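The values are calculated or read from the model by the stated rules, or taken from the named source; none is laboratory data. A quick note: this is a predicted structure, and the numbers were derived from the prediction, not measured. Every residue, glycine among them, receives a Cβ derived from its backbone with ideal geometry; neighbour counts consider all protein chains shown.
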Amino acid sequence: MDLYFLELFFSGLTRGGIYTLIALGYTMVYGIIGLINFAHGEIYMIAAFIGLTFAGIFSILQFSLISILLIAVFFAMLFSAAYGYTIEKTAYKPLRQASRLAPLISAIGMSIFLREYVILAQTPDFLAFPMLFGDLELPEFMMDFIQPTETIIILVSFFLVGILLLFIKHTKTGKAMRAISQDREMAMLLGVNSDKIISFTFMVGSLLAAFGAILISAHIGQINYNIGFIIGIKAFTAAVLGGIGSIPGAALGGLTLGLIESFATGYISSDYEDVFAFGILVLILIFKPAGFLGKKEHKKV
Amino acid sequence: MTNHPVLSVHKISMRFGGLNALNKVSLQVFPREIAALIGPNGAGKTTFFNCVTGIYKPSGGYIELNGPDLRPKRINGLKPNLITRSGLARTFQNIRLFENMSVLENVMVGCHCRTTSNFLNAIIQTSSFKKEEQGVIEKSYELLKLVGLQGSANLSAKNLPYAEQRSLEIARALATEPRLLLLDEPAAGMNPQETTKLDQLIMKIRERFNLAVLLIEHDMKLVMRISDKVFVMAQGEKIAEGTPGEIQNNPRVIKAYLGEEVDVVS
Amino acid sequence: MKLRIIHSLIITFWFMLLCFPLVVLKIDYLEKSIRFRWINLFLTGLCVFFISLLWRYFLSRRRKYFLRLPEHFFDLHQSRLIRSKPFLFIFSLVFLSLPLILPNYHTSILITAMIYVVLGLGLNIVVGLAGLLDLGYAAFFAIGGYSFALLNHYFGFGFWASLPIAASLACLGGVLLGIPVLRLRGDYLAIVTLGFGEIIRLILENWEAFTKGPSGIPDLPKPGLFGIQLDFYSSTIYLYYLLILCMLAAILVTKRLSYSKTGRAWVALREDEIAAQSMGIDTTKTKLTAFGIGAFWAGIVGAFFASKNSFVDPSSFTFHESAIILSIVVLGGMGSILGVILATMILVLLPEYLRFLESYRMLIFGAIMVIMMVFRPEGLVKSVRQQYDFKNLK
C-alpha cells in the first residue's frame with residue numbers, strides 16, 4: 001500500500017485518539033445533565049500547562065524521562081480533576097433549575113475566564129513542551145509511516161476508552177451514571193446521590209482530557225493558551241458525530257473525524273484544516289443531529 | 001345539524017418505534033357539537049390531538065377539515081401553524097402559556113394568523129398597521145372579558161393562578177378564530193366551582209362563536225353534563241362512540257375502565 | 001458569621017491550591033530556572049476570600065425569598081428621572097456637544113462604544129427576543145466590514161454606495177445561516193453558529209488572493225459629506241454624528257418591532273416554540289426575520305467600523321468579538337434596549353478609561369457572564385413587556 005496513505009492513516013488515528021479522549025468528557029457531561037460544557041477544552045489546555053510546570057520542575061531536578069512523564073501525567077490529572085470539580089460547583093451547580101440557555105452562557109463565560117487566567121498567570125506566548133517520550137524505537141519498516149509517539153497515543157487512548165466502558169458497565173458508580181442520564185429525578189428517588197455523580201462525571205471527563213493533553217503536547221512539543229478552543233470544538237464535533245451521550249459513539253466519532261481531517265489536509269489542502277472540522281460539525285448537526293449511535297429524540301408535548 | 005362534519009379523521013395511525021400509539025382511529029365532529037374524547041390514561045388521546053394539530057405526523061390515514069365553503073381540506077402533513085390557520089385551535093394539557101408575556105399579549109399572539117401586516121409596516125408604523133394593531137388589542141381585550149380576565153390584562157401570564165391560566169389558554173386559542181376548538185383536559189386541577197364555571201364558559205363559547213368543541217377530559221361529570229357525543233379510546237383504538245347515555249351503558253367501555261377509579265355517574 | 005468566614009477560608013485555601021502551579025510557579029525548563037511568585041498567591045487568596053464571602057452571601061439571599069432584591073430594584077424603565085423631559089434634554093445636549101469639547105481620542109472611543117451599542121441591539125433581537133443563542137454574530141459584522149472593504153478595494157465604491165450592499169449582504173448571510181439551522185435546538189444552534197462564525201473568519205484569513213489574508217485591507221475611505229473634503233479631526237466628528245443617527249435608528253426600529261406582531265412572535269417563540277406554532281405562528285419566517293434583522297445591523301456597523309479604522313483584518317472578527325457582544329446582551333438584560341446601552345458603557349467604555357484593568361478585561365467579561373447567570377439571569381435591566389391602556393375600550 002501507498003506509504004503516504006498509511007502515514008496519513010496513522011496520523012488520523014492519532015488525532016482521532018486525542019479527540020476521543022476529550023470528546024468523552026463532552027459526551028458524559030451532556031449525557032448526564034444535558035449541558036455542552038464549553039469549558040472542557042480549557043480544562044484540556046490547563047492540564048497541558050500544569051503538566052508542563054511539573055515536567056519542568058522534575059526535568060530541572062534531573063529525573064529520568066519516563067518518571068517525568070509519569071509525574072506530569074499524574075499531576076495534570078490530579079489538578080484537572082480538581083478544576084473540573086470546582087468549575088462544576090461554581091458555574092453550573094447553582095443553575096440546575098434555570099432555563100436551558102443560562103448554563104450554556106455560564107459555560108461560555110467560564111471558558112473565557114479560564115483562557116484569560118492562563119494568559120495572566122503564565123503567558124500569552126507559545127511555550128516549548130519537553131519531548132517526554134524520548135527516543136523510542138520501532139521496527140525499521142514501521143518508521144516509514146508511523147512515529148513512535150503516535151503508536152503510544154493510539155494505544156493509550158484505546159486502552160482508556162476500554163477501561164471507561166468497563167467502568168460504566170460494571171461498577172456501581174457507572175450504573176448510577178447511566179441511571180441519572182436516563183431520568184435524574186427517578187434516580188434520585190431511588191437513592192442515587194446525583195450531585196456526587198455529576199461531580200464525579202466532571203472529574204472523570206477532566207482526567208481523560210488531561211491524559212490527552214499531556215500525550216499530544218509531548219508529541220507536538222509546544223502549547224499556548226489557545227490550544228483548548230479549537231480542539232474543544234473539534235472534540236465536540238466528534239462527540240456529536242458519534243451521537244452525543246454515547247461513549248462508544250465518542251470513540252467512533254473521534255476516529256472518523258481524525259481520519260477525515262488527516263486525509264483532507266493530506267490530499268486537499270492544509271490551509272483549511274479547521275474549516276473541514278467546522279464544516280462537518282455544521283453538516284452533521286443539520287442533517288443527522290443524532291449522530292452515528294445517538295438516540296433520536298421525540299418532541300414532548 | 002348539517003351532514004358536513006367540521007373535522008373528519010379517517011383511520012389515522014401513529015407509531016413510536018414498536019409502539020402503536022394510535023391504531024386506525026376515525027371520528028367526525030359536526031358543527032356546533034360538543035364532543036368529548038375519553039379513555040383511560042395512555043389510551044392515546046393526547047397523541048390523537050397532536051396528530052390532528054400537526055405536531056406529530058400520523059403514519060397512516062388522513063384528516064380533513066371542512067372549510068366554510070364546505071370543501072374538505074386535507075390537513076395531515078401540514079405544519080401546525082397552517083392547521084391553526086385553517087380553523088383548528090387547541091389548548092395544552094400541561095399549560096403552555098408564554099409566561100413572560102403579559103396576559104393580553106398572550107391573546108394577541110393568538111390573533112397572529114388573522115392579521116396581515118409585516119415587520120416593514122411595523123418599522124414605518126403605517127396607518128394600516130396602527131389600525132390593525134388597535135383592532136388586535138380590542139379583540140384580545142374582548143376575549144379576556146369573555147373568560148373573565150380583563151382585570152389581569154397587563155400582568156405577566158406566569159403570575160396568574162392556575163385556573164385562570166387555563167382560561168387564558170382558551171382565550172388565546174379563541175383568538176385564532178377557530179371553527180373547531182380542541183381542549184386537552186381543560187378541567188384538570190380545578191375545584192368543583194371552577195369546573196362549573198368552565199362548563200358554562202364552554203357553552204357560552206359555542207353560542208357566541210358558533211364553533212364545535214372536542215375535549216379530552218377525565219372529569220366524567222363534566223363530560224356527561226356538556227357533551228353531545230362521546231368517543232371512547234383505549235390502547236390506541238376507538239372502542240365506542242355515542243351519546244353520553246349510550247356510552248355509560250356500553251359494556252366495552254365499562255370493561256376498558258375496570259380497575260381504574262373513575263366515577264361514572266349513573 | 002464566624003462559620004461563614006471559616007467556610008470562605010477553606011474555599012480560599014482550596015483555590016490557592018488549585019492556582020499554585022500556574023499562578024506561583026513559572027518554569028523555564030530550557031533555561032533551568034524556577035521562579036516563585038508568592039505575591040500572586042497572596043493576592044489571589046485575598047480576592048478569592050472576599051469573592052467567596054460575597055458569593056455565598058448572595059447565594060443564600062437568592063434562595064431565601066424574603067431577602068431577595070426588591071423586584072424593581074434595577075428597573076430603570078420605571079425611573080422617573082430617565083423618563084423626564086428635562087433630563088432627556090440635558091442628556092442629549094451633552095451627548096451631542098461631546099465631540100466638540102473632547103479631544104479626538106475620546107470621540108473615537110465613543111464611536112466604538114456606539115458601534116457596540118448597535119451590535120448589542122442587533123444581537124439582542126436574535127438572542128434576547130427570539131431566544132436563539134447565536135455565538136457567531138461577529139461573522140455578520142465581518143461580512144459588513146469586508147463587503148465595504150472589498151467593494152472599495154476592487155471597484156472603488158465609496159462608503160455610502162457600499163453601505164446598503166454591506167447591510168444587505170449581512171442580512172442575506174443571516175437568512176442563509178438561518179435556513180439550515182431552523183430545526184436545531186438551542187444548544188446545537190449555539191455550536192453551529194459558532195462553527196459558522198469561525199468558518200467565515202478562516203475563509204477571510206486563508207483566501208489570500210481575494211481577501212488579502214491576515215494582513216487585511218488598508219486605506220479605506222471615511223464616509224463622504226456631499227463631496228466636501230474633511231480633515232481627520234472633523235471626519236471623526238462627522239462619523240460620531242452619523243453613528244448617533246445609526247444608533248437612534250437601531251433603537252427606534254428595535255423598539256417598534258419589539259412591540260409589534262413580529263416582536264410578539266419572537267418572544268412567543270422564545271417562551272415556547274410548540275405553543276407558538278400551535279397558535280399559528282410561522283416559526284420559519286419568524287426565526288429568519290430575527291436572524292436577518294439582527295445581521296442587518298451588524299452589517300451596517302461593520303461598514304462603519306471598517307471606515308472608522310480605515311482598515312479591516314480577520315483578527316477583528318474572532319469568537320472573542322462574538323463573546324463580547326454576547327456579554328453586552330447578557331449583562332444588559334435579554335430583550336432590553338436600555339440594558340444594552342448600560343452594559344456597553346460598563347463593558348466597553350469603562351475598560352477604555354480604566355487602563356490598568358485592560359489586561360483583566362476579558363477575565364472580567366468571563367466572570368460577569370457566569371455571575372450574571374447565577375445571580376441575575378434577567379440582566380441588569382429587566383425587560384418589561386408593554387402595558388396597554390383600556391380606558392377608552394370599555
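General observations
- Matching option when the condition is farther than 26 Å from A:Phe129 by Cβ, facing chain A (nearest Cβ under 10 Å) and either in contact with a helix residue (DSSP H, G or I) (Cβ under 8 Å, 6 or more places away or on another chain) or loosely packed, with under 12 Cβ neighbours inside 10 Å (or both), among C:Ser33, C:Ser52: C:Ser52
- Taken over segment B:114-131, the residue count meeting the criterion of being surrounded by fewer than 18 Cβ atoms within 10 Å (Cβ to Cβ) and either in contact with a strand residue (DSSP E or B) (Cβ under 6 Å, 6 or more places away or on another chain) or not hydroxyl-bearing (Ser, Thr, Tyr) (or both) is 7.
- Residue in segment C:256-268 that is away from chain B (no Cβ under 14 Å), crowded, with 19+ Cβ neighbours inside 10 Å and among the aromatic types (Phe, Trp, Tyr) present: no
- When B:Glu177, B:Glu132 are checked against the criterion of being more than 15 Å from the chain's Cα centre (by Cα) and either assigned to a helix (DSSP H, G or I) or within 13 Å of another protein chain (Cβ to nearest Cβ) (or both), a single residue qualifies: B:Glu132.
- B:Leu222 part of a strand (DSSP E or B), surrounded by 18 or more Cβ atoms within 10 Å (Cβ to Cβ) and either more than 12 Å from chain C (Cβ to nearest Cβ) or among the basic types (Lys, Arg) (or both): no
- Residue in segment A:96-110 that is more than 7 Å from every other protein chain (Cβ to nearest Cβ) and modelled with pLDDT of 90 or more present: yes
- Which listed residue is outside any helix (DSSP H, G or I), facing chain C (nearest Cβ under 10 Å) and surrounded by fewer than 24 Cβ atoms within 10 Å (Cβ to Cβ), from A:Ile36, A:Ile57: A:Ile36
- Flag if C:Ala276 is within 14 Å of chain A (Cβ to nearest Cβ), part of a helix (DSSP H, G or I) and over 26 Å from A:Met110 (Cβ atoms): yes
- Scan of segment C:326-343 for residues that are within 12 Å of chain A (Cβ to nearest Cβ) and out of contact with any Ser or Thr (no Cβ under 7 Å at 6 or more places or on another chain), ordered by number: C:Leu326, C:Ser327, C:Val329, C:Val330, C:Leu331
- Count of residues meeting criterion [of a type in the set (Ser, Thr, Tyr) and within 14 Å of chain A (Cβ to nearest Cβ)] in segment C:192-223: 2
- Selected residue [out of contact with any Phe, Trp or Tyr (no Cβ under 6 Å at 6 or more places or on another chain) and either small (Gly, Ala, Ser) or outside any helix (DSSP H, G or I) (or both)] from A:Gly174, A:Gly162: A:Gly162
- Matching entry among C:Leu245, C:Leu230, C:Leu257 (being without any contact (Cβ under 8 Å) to a residue 40 or more places away in the chain and touching a Phe, Trp or Tyr at 6+ places or on another chain (Cβ under 9 Å)): C:Leu230
- Scanning segment A:245-297 for residues that are more than 12 Å from chain C (Cβ to nearest Cβ), among the basic types (Lys, Arg) and either touching a Gly at 6+ places or on another chain (Cβ under 7 Å) or free of Cβ contacts under 8 Å to residues at least 24 places away in the same chain (or both) returns a single hit, A:Lys296.
- Every residue from segment C:344-383 that is surrounded by fewer than 17 Cβ atoms within 10 Å (Cβ to Cβ), part of a loop (DSSP other than H, G, I, E, B) and more than 14 Å from chain A (Cβ to nearest Cβ): C:Leu354
- When residues of segment C:163-214 are limited to those that are outside any helix (DSSP H, G or I) and out of contact with any His (no Cβ under 9 Å at 6 or more places or on another chain), the one farthest from A:Ile284 (Cα to Cα): C:Trp207
- Every pair of residues 6+ apart whose Cβ atoms lie under 6 Å, when the first sits in segment C:95-118 and is farther than 12 Å from C:Lys308 by Cβ while the second is modelled with pLDDT of 85 or more and not in a helix (DSSP H, G or I): none
- Qualifying residues in segment B:72-102 (those that are touching a residue at least 60 places away in the same chain (Cβ under 8 Å) and more than 10 Å from chain C (Cβ to nearest Cβ)) - the one nearest to B:Leu174 (Cα to Cα): B:Gly87
- For segment C:288-340, a residue qualifies if it is β-branched (Val, Ile, Thr), surrounded by fewer than 24 Cβ atoms within 10 Å (Cβ to Cβ) and modelled with pLDDT under 90, and the qualifying residues are C:Thr318, C:Ile324, C:Ile337.
- Residue check for B:Lys158: within 12 Å of another protein chain (Cβ to nearest Cβ), surrounded by fewer than 18 Cβ atoms within 10 Å (Cβ to Cβ), touching a residue at least 40 places away in the same chain (Cβ under 8 Å) and of a type in the set (D, E, K, R): yes
- Among helices (runs of 4 or more DSSP H) entirely within segment A:206-301, having at least 3 residues that are surrounded by fewer than 18 Cβ atoms within 10 Å (Cβ to Cβ) singles out A:247-267, A:273-287.
- Every listed requirement among (1) assigned to a loop (DSSP other than H, G, I, E, B); (2) more than 23 Å from the chain's Cα centre (by Cα); (3) more than 10 Å from chain C (Cβ to nearest Cβ) is met by A:Met142 save one, (1).
- Only residues that are within 26 Å of C:Ile274 (Cα to Cα), touching a Leu at 6+ places or on another chain (Cβ under 7 Å), of a type in the set (A, V, I, L, M) and buried (at least 21 other Cβ atoms within 10 Å of the Cβ) were counted in segment C:134-179, giving 1.
- If you go through segment C:1-30 and pick out every residue that is among the hydrophobic types (A, V, I, L, M, F, W, C) and within 11 Å of another protein chain (Cβ to nearest Cβ), you end up with 13.
- Some residue of segment B:116-131 being touching a Leu at 6+ places or on another chain (Cβ under 6 Å) and more than 20 Å from C:Ser260 (Cα to Cα): no
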